[in-house]
Amino acid sequence: MALSRQPAARRIQSDVLGIVRQNAVPLLFLALGLAGVLATGMNPYFLANETINRLARNSFLVLSLLIPVTAGLGLNFGIVLGAMAGQAALIAVTHWRIPGLSGLGLALALCTPLAVGLGWFAGMILNRAKGREMITSMILGFFMNGVYQLVFLFLVGTAIPMRNPAMLLTQGVGLRNTQDLELIRWSLDRLVYWRVSGFSFPVLTLLAGAALCAVLMFLARTKLGQDFRAVGQDMHVAEVAGINVDRTRIIAVIISTTLAAWGQVIFLQNIGTLNTYNSHEQVGMFAIAALLVGGATVARATVANALVGTFLFHLLFIVSPFAGQRLLGQPQVGEYFRVFVAYGVIAVALGLHAWQKRQQVLRALARDKLAAAEVSGD
Amino acid sequence: MRMTKILVCALVLVLAVSLVGSGCKKVVQEGPLVFKIGLMTGTVSQGEDEYRAAERLVEQYPGRIVHLTYPDNFMQEQETTITQIVSLAADPDIKAIVICQGVPGTAAAIDTVRADRPDMIFIIGVAHEDPNTIIPRADIVMEVDNPSRGKTIPELAHAMGAKKFLHYSFPRHMSMVLLAQRRDLMIETCAQLGVEFIFVTAPDPMGPDGIPGTQQFIVEDIPRQVAVHGKDIAIFGTNCGMMEPMIKQVLATGAIFVEQCCPSPTHGYPAAMGIEGVKGDGALAGNMPAILEAIRTKVVAAGAGGRFATWPAPINMVFIQAGVQLAMDIVEGKADPANLDQVKAAIDNAPLMAGAGEAQVKRIQPGANYYLVVLGSYIFK
């Protein structure tokens with residue numbers, strides 16, 4: 001009623017302000033990205049192709065984070081576990097020398113049971129650490145990294161009978177630090193590869209990401225999707241309503257870990273070499289940063305957040321070193337500028353989310369007060 | 001309404017034509033000797049030597065060298081390394097790319113670049129990726145002859161009076177095939193010489209504690225080890241970040257220091273010994289004989305004459321100078337990447353090799369353009 005008395009212009013103004021406030025983080029990144037593009041005067045083909053390429057190889061990993069957020073587990077740093085499963089499968093496929101799509105398919109098939117197992121394990125632990133899921137999943141990632149190193153640095157060639165001089169270190173124990181994935185390199189990316197006036201599109205990889213978006217949106221409408229939301233909103237209420245909370249949470253982590261494993265396989269077929277002991281390390285941090293940049297919060301994340309975030313985060317990662325170099329004239333300043341902007345803005349994103357949440361709480365409080373005053377006035 | 005449609009169509013057309021036009025223009029620009037060299041090094045936080053060498057080359061060849069850096073956090077940010085290299089190739093004037101050090105992502109970047117520009121020349125100094133991966137991709141790789149150093153370092157340590165040999169490293173480095181081979185050869189050589197070999201695992205500087213964690217460990221551990229094993233112990237480490245605290249502590253405890261992971265008079269020594277004027281426009285910058293003399297004076301003054309040594313030239317800087325020269329010669333058709341003598345000549349003629357004698361260069365395996373380089377040692381006494 002109060003709203004309808006406002007003049008139209010002011011209403012539009014307040015609507016615009018509301019939209020800006022709600023999307024402050026992605027808008028900030030968009031502004032920074034655009035400023036960077038203008039400052040660098042970069043070759044538009046390079047910029048567009050690099051952005052498309054990064055969007056194609058990273059979107060699957062970022063999308064794998066959505067379900068745990070819905071189910072109230074926050075940002076799942078544990079997708080590193082899935083990435084390790086994907087890499088283990090790729091190592092096996094490289095060892096057996098299975099080329100092309102069949103190699104890629106086998107890697108996807110092999111990593112699935114492994115990722116489901118790891119996801120179940122992570123889910124069990126996270127159920128025992130309710131309310132502290134994010135830090136627990138992060139530490140779980142460090143722990144599993146130790147197990148991964150143990151397996152591939154010491155057990156391969158001793159307990160695991162593998163004799164492959166091209167992959168093992170010269171003493172016959174432990175994998176070399178780089179594995180050449182030449183046999184499956186670009187097997188998905190270049191299967192259908194459109195080149196339209198200087199722009200390149202890895203069609204199937206982009207379609208895989210799109211298909212996952214569709215599946216996730218469909219899943220949200222099923223009974224399971226509603227269970228995720230119910231558990232995410234209030235575990236106690238969900239429990240009372242007859243939902244098996246622990247089981248639902250484990251399913252969420254299993255799905256997330258498995259998608260991350262597939263995402264890592266897709267990522268690495270694009271890169272073409274596996275950095276045996278480090279490729280998985282950055283996965284959680286960068287995927288989460290991208291999601292946050294897209295305007296997601298620890299409690300709410302959508303497909304749109306994931307896609308917009310991946311695009312903006314990588315756009316900034318591409319332009320910021322060049323922008324730094326152009327503006328300040330020194331190549332290394334470009335690198336420092338990139339680190340400063342990229343990580344600084346992640347911190348700003350988290351800060352802005354906290355601020356927005358506070359504003360919401362304050363507004364709700366003000367509303368309640370007003371309502372209470374009206375009631376008492378009557 | 002129709003006007004708007006026509007206007008939009010016209011604008012799109014103009015945009016398309018200008019895009020295609022600008023693309024074409026750059027291709028036509030190609031001509032003899034009008035080319036640039038892309039150069040990628042770390043920032044000063046990873047290895048000051050390489051960055052400064054690149055800076056000097058940019059000054060020496062104005063407008064012909066495009067210098068970029070790879071991320072400080074290169075183990076985690078492969079995608080950035082790839083983007084940086086691919087961005088160099090997006091400039092059609094760049095005909096060759098020199099990378100020192102060849103951090104992870106280099107091989108993937110070469111694949112991506114070659115998909116569009118199969119003629120691009122790649123020269124790598126110090127490849128982190130496995131030889132099996134990098135040999136089929138790069139035109140030239142120059143690397144310190146680590147397997148040979150597995151023999152030369154313990155031998156020199158023994159000659160300098162070491163009864164024990166301490167090797168600091170961590171699993172990530174020990175998964176690099178040449179470093180693992182070097183360690184195995186060190187164990188063998190030590191056994192032959194009757195020197196006790198001790199392996200100590202230090203925290204990985206790329207781990208959660210970062211470079212400070214590793215440095216702190218080195219500062220704390222060397223006095224402990226010297227207390228247990230006595231002063232006649234040679235200390236060696238595989239990571240650049242370890243060098244400065246290591247040299248400091250070896251000097252403080254009276255142990256022996258044969259050479260750095262990446263041997264050079266400027267790596268660790270000036271900072272550890274408090275020698276000024278080595279960087280930027282300083283009085284000693286680029287003057288290797290003067291820097292060696294300054295270190296010698298400090299070592300002798302501390303009563304540690306004959307207990308410290310290094311190579312007489314900063315090898316990574318030499319790789320950058322030789323790499324850029326080779327890149328220019330190859331693009332101009334004056335050099336062949338498969339010619340060992342030409343590679344050796346480029347290394348020997350690098351300005352920083354003045355007064356450092358000749359380099360020994362050999363191939364890692366027959367037919368591979370992966371060249372292993374060793375220089376003689378300079379003992380401070």
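When B:GLN101 is tested against (1) open to solvent by less than 30 Å² (accessible area, probe 1.4 Å); (2) part of a loop (DSSP other than H, G, I, E, B); (3) under 18 Å from B:ILE123 (Cα atoms), only condition (2) is not met.
Residue-wise test of (1) within 22 Å of B:SER148 (Cβ to Cβ); (2) open to solvent by 10 Å² or more (accessible area, probe 1.4 Å); (3) within 14 Å of chain A (Cβ to nearest Cβ); (4) more than 19 Å from the chain's Cα centre (by Cα).
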position	(1), (2), (3), (4)
B:LEU179	yes, yes, yes, no
B:ALA191	yes, yes, no, yes
B:THR201	no, yes, yes, yes
B:PRO208	no, yes, yes, yes
B:GLY241	no, yes, no, no
B:VAL250	no, no, no, yes
B:GLY254	no, yes, no, yes
B:ALA272	no, yes, no, yes
B:ILE275	no, yes, no, yes
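Looking only at region A:238-252, residues that are open to solvent by less than 90 Å² (accessible area, probe 1.4 Å) and over 16 Å from A:MET124 (Cα atoms) come to 4 in all.
Find the residue count for region A:148-170, including only residues that are open to solvent by 80 Å² or more (accessible area, probe 1.4 Å), within 12 Å of chain B (Cβ to nearest Cβ) and not in a helix (DSSP H, G or I). Total satisfying the criteria: 1.
Number of residues in region A:300-325 that are away from chain B (no Cβ under 14 Å) and open to solvent by 30 Å² or more (accessible area, probe 1.4 Å): the value is 6.
Per-residue answers, yes or no, for (1) part of a helix (DSSP H, G or I); (2) farther than 24 Å from B:THR253 by Cα; (3) among the basic types (Lys, Arg); (4) touching a strand residue (DSSP E or B) at 6+ places or on another chain (Cβ under 7 Å):
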| site | (1), (2), (3), (4) |
| --- | --- |
| B:MET186 | yes, no, no, yes |
| B:GLN192 | yes, yes, no, no |
| B:PHE197 | no, no, no, yes |
| B:MET206 | no, yes, no, no |
| B:PRO212 | yes, no, no, no |
| B:GLN215 | yes, no, no, no |
| B:PRO223 | yes, no, no, no |
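Within region B:307-330, at least one residue is open to solvent by 30 Å² or more (accessible area, probe 1.4 Å) and closer than 26 Å to B:ALA234 by Cα. For region B:23-54, a tally of residues being within 12 Å of chain A (Cβ to nearest Cβ) and either modelled with pLDDT of 90 or more or open to solvent by less than 50 Å² (accessible area, probe 1.4 Å) (or both) returns 13.
Could you check region B:139-157 and list, in sequence order, the residues that are outside any strand (DSSP E or B), away from chain A (no Cβ under 13 Å) and either touching a residue at least 60 places away in the same chain (Cβ under 8 Å) or open to solvent by less than 10 Å² (accessible area, probe 1.4 Å) (or both)? Once the filter is applied, which keeps residues that are outside any strand (DSSP E or B), away from chain A (no Cβ under 13 Å) and either touching a residue at least 60 places away in the same chain (Cβ under 8 Å) or open to solvent by less than 10 Å² (accessible area, probe 1.4 Å) (or both), region B:139-157 yields B:ASP139, B:ASP145, B:SER148, B:ARG149, B:THR152, B:ILE153, B:PRO154, B:LEU156, B:ALA157.
Can you find a residue that is more than 10 Å from every other protein chain (Cβ to nearest Cβ), among the acidic types (Asp, Glu) and either exposed (fewer than 13 other Cβ atoms within 10 Å of the Cβ) or assigned to a helix (DSSP H, G or I) (or both) anywhere in region A:180-189?
No, region A:180-189 contains no residue that is more than 10 Å from every other protein chain (Cβ to nearest Cβ), among the acidic types (Asp, Glu) and either exposed (fewer than 13 other Cβ atoms within 10 Å of the Cβ) or assigned to a helix (DSSP H, G or I) (or both).
Say whether the condition of being open to solvent by 60 Å² or more (accessible area, probe 1.4 Å) and in contact (Cβ under 8 Å) with a residue 24 or more places away in the chain is met by at least one residue in region A:104-120. For region A:104-120, residues open to solvent by 60 Å² or more (accessible area, probe 1.4 Å) and in contact (Cβ under 8 Å) with a residue 24 or more places away in the chain: present. Here A:GLY272 fulfils each of the conditions (1) at negative phi; (2) within 13 Å of chain B (Cβ to nearest Cβ) apart from (1).
Elements of the type helices (runs of 4 or more DSSP H) sitting completely within region A:1-90 and holding at least 2 residues that are open to solvent by 60 Å² or more (accessible area, probe 1.4 Å) and farther than 30 Å from B:PRO92 by Cα: these cover A:2-5, A:8-22, A:24-40. Might you let me know whether region B:93-105 holds any residue that is within 19 Å of A:HIS314 (Cα to Cα), out of contact with any Lys or Arg (no Cβ under 8 Å at 6 or more places or on another chain), touching a residue at least 12 places away in the same chain (Cβ under 8 Å) and more than 7 Å from chain A (Cβ to nearest Cβ)? Within region B:93-105, one or more residues are within 19 Å of A:HIS314 (Cα to Cα), out of contact with any Lys or Arg (no Cβ under 8 Å at 6 or more places or on another chain), touching a residue at least 12 places away in the same chain (Cβ under 8 Å) and more than 7 Å from chain A (Cβ to nearest Cβ). Regarding region A:81-88, can at least one residue be identified that is at pLDDT 95 or above and over 18 Å from the mean Cα position of the chain (by Cα)? The answer is yes, given that some residue of region A:81-88 is at pLDDT 95 or above and over 18 Å from the mean Cα position of the chain (by Cα). Among the residues of region A:253-269, the one identified as facing chain B (nearest Cβ under 10 Å) and open to solvent by less than 10 Å² (accessible area, probe 1.4 Å) is A:LEU268.
Residues checked against (1) touching a strand residue (DSSP E or B) at 6+ places or on another chain (Cβ under 8 Å); (2) open to solvent by 20 Å² or more (accessible area, probe 1.4 Å):
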site	(1), (2)
B:GLY282	no, yes
B:ALA285	no, yes
B:ILE291	no, no
B:LYS298	no, yes
B:LYS344	yes, yes
B:ASN349	no, yes
B:LYS362	yes, yes
B:PRO366	no, yes
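Among all residues of region B:116-124, there is none that is surrounded by fewer than 24 Cβ atoms within 10 Å (Cβ to Cβ), touching an Asp or Glu at 6+ places or on another chain (Cβ under 7 Å) and facing another protein chain (nearest Cβ under 8 Å).
The values are calculated or read from the model by the stated rules, or taken from the named source; none is laboratory data. Everything numeric in this text was worked out from a predicted model, so none of it was measured. Here Cβ is always computed from backbone atoms with ideal geometry, including for glycine, and neighbour counts include all displayed protein chains. These accessible areas exclude ligands, DNA and RNA; they are computed on the full protein's heavy atoms, side chains included. Shrake-Rupley method; radii C 1.70, N 1.55, O 1.52, S 1.80 Å.
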